[in-house]
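Values in this text are rule-based calculations from the coordinates and carry no lab data. Quick caveat, the model's predicted, so the values are computed rather than measured. Positions of Cβ are generated from backbone atoms using ideal geometry, with glycine treated the same way; all protein chains shown enter the neighbour counts.
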């Protein structure tokens, strides 16, 4: 943990347990997974890659090229061979260049608070998901916390549900994804 002004700030697994959440999603071998906005540590990408095995594929997508270089290094460090990095702007229609309806599980972890274009990102996730595929959304609760993004930057889970419905995804589960995050699971209709 990092100490900042006498406040212990948890990180990584202390905030969100990626492996546990993926296991809750019933992730299976040979799946195709897209971690949209994977981030420098690629917590979800690395855990998904281990769970789906060498015949599955994880697309680790990010807009920052340096992040993707770090993801490649971490994958090599941990002997993970089934991660493909993609540089893309999720706020551009078709920006990932992942084929339509090719993904079993898409992940949006701590991405929506960083943008004002939630709809475009949800639309892209829906575009790449197979019918019956799942979308996992994990983001900051819209309540005051001792750290994290400002309240006005946090996405309202009810608004995310409306957007998901607009793009043919039905809510399957809603849960607490840790002390400061909510989790939503959608299924593509």
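Data table
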| read-out | value |
| --- | --- |
| Burial order of peptide ranges 82-94, 133-145 (average beta-carbon count within 10 Å, highest first) | 133-145, 82-94 |
| Cβ-derived FRET efficiency at R0 22 Å, residue 17 paired with residue 69, nearest 0.05 | 0.30 |
| Where the Cα pairs of segment 80-189 fall when distances are cut into 5 Å bins, in % | 2, 13, 22, 24, 19, 13, 6, 1, 0 |
| Rel. contact order, % - alpha carbon contacts under 8 angstrom, at least six apart, segment 17-188 | 18 |
| Those residues of segment 64-86 whose amide nitrogen sits under 20 Å from the label point placed on residue 40, 7 Å along Cα→Cβ | 64-78, 85-86 |
| Within a Gaussian network of the chain (alpha carbon springs, distance under 10 Å), most fluctuating of 21, 77, 68 | 77 |
| DSSP beta bridges in the chain [antiparallel fraction, %, rounded to 5] | 45 |
| Stokes-Einstein D (µm²/s) once Rh is taken as the Kirkwood radius of the chain over alpha-carbon pairs, at 4 °C in 1.567 mPa s | 78 |
